[in-house]
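A.B. asks: Provided herewith is a single structure, encoded as structure tokens, for subsequent inquiry.
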Amino acid sequence: AVGFLLAGGLSLTAMGLGGIVAGLGVALLAGLVSRRTHLAEDASFASFYLTSLALGVLIVSARGSNIDLLHVLFGTILAIDGPALYLMGGITTLSVCLLAVIWRPLVMECVDPGFMRLAGGHGGLYHMIFLFLVVINLVAGFEALGTLMSVGMMMVPAATARLWTRRLLPMMILSAAVGMVAGLTGLLVSYHFRLAAGPTIILTCSVMYLLSLLTSPAGLRAGRGLSFQQDS
């Protein structure tokens, strides 16, 4: 929002830099709170993210128009230009390369952070690098899906994949596949039925999640079976 005001409009460079700075602040605060309190990191991240989102909406609504506000919140996926594509491609390449480098210590930090601290493995550093990747990927999604929709595109495919497998690498591959299928299907549906593209993509992700919830081994069927065993 501050980048929007300083640039005097919808500038990808200004808003991207502002988003990275604000996002890193949110990620650092969430990591600090989760390490100093008993609050889970996803809960603290969501709290700070929603607070910053509300503040950004307030700033843009006070100085911009309704069209500008809708662009920031929901993006314009059908009007992505060359610089936005280069930004997304660059961030994707950087994310894959960094994950390849920090993969093993990052997995160990997620599985057993206590062991990493005892072994002097600098788990906190790899955790912060991962949060940095989360932030820059959110910023990359802002231009296409907006600040609201990009979070859904990051979370819903991952939740869907989690219902089908407990192994990390297959979960990542399946999550990426769900996101790509939902993106393509959502665009086709929005084109043929003349619907907003961004929300249609997220709703397609949600449909795939609900179907997985009903049919996957770890979905509602597993919960009913566990309840039956407990009653027995």
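A.B. asks: Which residues, taken from the stretch 77-96, are within 16 Å of Val139 (Cα to Cα) and in contact with a Leu (Cβ under 9 Å, 6 or more places away or on another chain)?
C.D. replies: Ile77, Asp81, Pro83, Ala84, Leu87, Ile91, Leu94, Ser95
A.B. asks: Residues of the stretch 61-74 being at pLDDT 75 or above and either polar (S, T, N, Q) or touching an Asp or Glu at 6+ places or on another chain (Cβ under 6 Å) (or both), which ones?
C.D. replies: Ser61
A.B. asks: Is it the case that Thr147 is hydroxyl-bearing (Ser, Thr, Tyr), part of a helix (DSSP H, G or I) and under 30 Å from Gly9 (Cβ atoms)?
C.D. replies: Numbers: hydroxyl-bearing (Ser, Thr, Tyr): yes; part of a helix (DSSP H, G or I): yes; under 30 Å from Gly9 (Cβ atoms): yes.
It is true that Thr147 is hydroxyl-bearing (Ser, Thr, Tyr), part of a helix (DSSP H, G or I) and under 30 Å from Gly9 (Cβ atoms).
A.B. asks: Would you please list the contacts, defined by Cβ atoms under 7 Å and residues six or more apart or on different chains, that run from a residue in the stretch 104-121 that is of a type in the set (Lys, Arg) to a residue that is surrounded by 16 or more Cβ atoms within 10 Å (Cβ to Cβ) and modelled with pLDDT under 80?
C.D. replies: Once the first residue is of a type in the set (Lys, Arg) and sits in the stretch 104-121, no partner that is surrounded by 16 or more Cβ atoms within 10 Å (Cβ to Cβ) and modelled with pLDDT under 80 comes close enough.
A.B. asks: Looking only at residues that are surrounded by fewer than 20 Cβ atoms within 10 Å (Cβ to Cβ) and of a type outside the set (S, T, N, Q) in the stretch 137-151, which one is nearest to Pro217 (Cα to Cα)? Step through it out loud before you land on a result.
C.D. replies: At the first step, the residues of the stretch 137-151 found to be surrounded by fewer than 20 Cβ atoms within 10 Å (Cβ to Cβ) are 137, 148, 151.
Now drop any that are not of a type outside the set (S, T, N, Q), which leaves 148, 151.
Working: Leu148: 30, Val151: 26 Å.
Filtering first and then ranking leaves Val151.
A.B. asks: Tell me the residue from Ala222, Ala218 that is among the small types (Gly, Ala, Ser), assigned to a loop (DSSP other than H, G, I, E, B), more than 16 Å from the chain's Cα centre (by Cα) and exposed (fewer than 15 other Cβ atoms within 10 Å of the Cβ), please. Spell out how you get there, then give the answer.
C.D. replies: Details: Ala222 fails: assigned to a loop (DSSP other than H, G, I, E, B).
After applying the criteria, what remains is Ala218.
A.B. asks: Only one of these conditions is not met by Ser175: (1) within 28 Å of Ser34 (Cβ to Cβ); (2) open to solvent by 90 Å² or more (accessible area, probe 1.4 Å). Which number is it?
C.D. replies: Result: Ser175 fails condition (2) only.
A.B. asks: Here are the criteria: (1) out of contact with any Cys (no Cβ under 9 Å at 6 or more places or on another chain); (2) of a type outside the set (S, T, N, Q); (3) open to solvent by less than 60 Å² (accessible area, probe 1.4 Å); (4) part of a helix (DSSP H, G or I). Tell me which single one His127 does not satisfy.
C.D. replies: So the condition that His127 fails would be (1).
The values are calculated or read from the model by the stated rules, or taken from the named source; none is laboratory data. From a predicted model like this one, the values you see are computed outputs, not experimental measurements. Virtual Cβ from ideal backbone geometry, glycine too; neighbours counted across all protein chains shown. Side chains included, ligands, DNA and RNA excluded: accessible areas come from the protein's heavy atoms. Shrake-Rupley method; radii C 1.70, N 1.55, O 1.52, S 1.80 Å.
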